[in-house]
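Trainee: Just passing along the structure, written as structure tokens.
The values are calculated or read from the model by the stated rules, or taken from the named source; none is laboratory data. These numbers were taken from a predicted model, which means no experiment stands behind them. Please note: Cβ atoms are built from the backbone with ideal geometry, for glycine as well, and neighbour counts cover all protein chains shown.
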Amino acid sequence: QKEVEQNSGPLSVPEGAIASLNCTYSDRGSQSFFWYRQYSGKSPELIMFIYSNGDKEDGRFTAQLNKASQYVSLLIRDSQPSDSATYLCAVSFMEYGNKLVFGAGTILRVKS
Amino acid sequence: SAVISQKPSRDICQRGTSLTIQCQVDSQVTMMFWYRQQPGQSLTLIATANQGSEATYESGFVIDKFPISRPNLTFSTLTVSNMSPEDSSIYLCSVEGQGLTDTQYFGPGTRLTVL
């Protein structure tokens with residue numbers, strides 16, 4: 001099992017819908033969990049981080065963490081065409097000195 | 001978060017040559033990292049740039065190929081040596097956020113094409 005896994009997509013949702021992006025990770029002393037957004041030709045931009053089980057909301061974004069099931073998800077409410085990008089999940093593992101391990105990313109397409 | 005700049009933003013180089021990429025931060029940071037993102041792929045950590053000591057390289061990356069300098073807490077360079085077409089990638093520096101453990105912020109990246 002890869003340390004951090006994501007469905008590559010593309011995930012297509014209509015404008016105004018909820019986009020749900022998922023990420024699973026291996027059990028190597030995971031510490032912190034991050035979601036980055038990367039537009040084509042641009043560098044990754046941090047949009048959410050979560051450390052504890054449960055939900056964390058920031059505007060239209062909600063990160064959900066379930067450590068028992070080893071998954072973290074990102075919900076985007078009221079999806080807009082400008083949300084179309086690749087979303088990268090990253091996890092820091094104690095085993096790796098808390099350095100970030102990135103998933104392959106999920107391509108999201110929001111259709112107007 | 002810190003403002004990070006990289007130079008050059010892009011370059012086209014010939015096989016066998018070397019390119020040095022600069023990363024400048026507008027505030028002092030402890031941790032700086034260098035990543036590679038090959039076309040259509042995710043990010044792979046090359047090394048951690050340590051101020052005042054040698055960089056710490058990840059498996060598969062060696063100092064002879066990717067020498068790194070970190071002369072102070074706001075600046076680092078990555079050199080891609082003896083380039084081949086397989087080195088064509090985006091190279092990104094990142095810094096750890098102040099007070100936010102493990103959180104990293106990325107520079108704009110350097111798009112390298114090797115012919």
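Trainee: Considering only segment B:16-46, state which residues are among the polar types (S, T, N, Q), more than 14 Å from B:Phe106 (Cα to Cα) and not in a loop (DSSP other than H, G, I, E, B).
Mentor: B:Thr20
Trainee: Let me ask you something else. Which is surrounded by 20 or more Cβ atoms within 10 Å (Cβ to Cβ), more than 14 Å from every other protein chain (Cβ to nearest Cβ) and not β-branched (Val, Ile, Thr), of A:Leu100, A:Leu88, A:Leu108, A:Leu75?
Mentor: Of the residues listed, the single one that is surrounded by 20 or more Cβ atoms within 10 Å (Cβ to Cβ), more than 14 Å from every other protein chain (Cβ to nearest Cβ) and not β-branched (Val, Ile, Thr) is A:Leu108.
Trainee: May I pose another question? If you go through segment A:46-72 one residue at a time, how many are within 14 Å of chain B (Cβ to nearest Cβ) and part of a loop (DSSP other than H, G, I, E, B)?
Mentor: So the answer is 2.
Trainee: Note down all Cβ pairs under 6 Å where the first residue falls in segment B:9-31 and is under 18 Å from B:Ile68 (Cα atoms), the second is among the hydrophobic types (A, V, I, L, M, F, W, C) and part of a strand (DSSP E or B), and they're at least six residues apart or on different chains.
Mentor: B:Leu19/B:Cys13; B:Leu19/B:Val80; B:Ile21/B:Leu78; B:Cys23/B:Cys93; B:Gln24/B:Phe75; B:Val25/B:Ile4; B:Val25/B:Val95; B:Val29/B:Val95
Trainee: When only residues in segment B:97-111 that are of a type outside the set (Ser, Thr, Tyr) and farther than 17 Å from B:Arg36 by Cα count, which is modelled with the lowest pLDDT?
Mentor: B:Leu100
Trainee: Can you tell me which residues in segment B:47-74 are assigned to a strand (DSSP E or B) and of a type outside the set (Val, Ile, Thr)? Reasoning before the result, please.
Mentor: Narrowing segment B:47-74 to residues assigned to a strand (DSSP E or B): B:47-49, B:56-57, B:68-72.
Listed by number, the residues that qualify are B:Ala47, B:Ala49, B:Tyr57, B:Ser69, B:Arg70, B:Pro71, B:Asn72.
Trainee: Hey, another quick one. Quick one: which residue in A:Ser43, A:Ser12, A:Ser92, A:Ser8 is in contact (Cβ under 8 Å) with a residue 60 or more places away in the chain, assigned to a loop (DSSP other than H, G, I, E, B) and closer than 28 Å to B:Pro39 by Cβ?
Mentor: After ruling out the rest, the residue left standing is A:Ser8.
Trainee: Any chance segment B:78-97 includes a residue that's of a type outside the set (A, V, I, L, M), over 15 Å from the mean Cα position of the chain (by Cα), surrounded by 13 or more Cβ atoms within 10 Å (Cβ to Cβ) and facing chain A (nearest Cβ under 10 Å)?
Mentor: Looking for residues that are of a type outside the set (A, V, I, L, M), over 15 Å from the mean Cα position of the chain (by Cα), surrounded by 13 or more Cβ atoms within 10 Å (Cβ to Cβ) and facing chain A (nearest Cβ under 10 Å), one finds at least one in segment B:78-97, hence yes.
Trainee: I'm checking my understanding of the structure. Among residues of segment B:98-110 that are buried (at least 18 other Cβ atoms within 10 Å of the Cβ) and touching a residue at least 40 places away in the same chain (Cβ under 8 Å), which one is farthest from the other protein chains (Cβ to nearest Cβ)?
Mentor: Filtering first and then ranking leaves B:Thr110.
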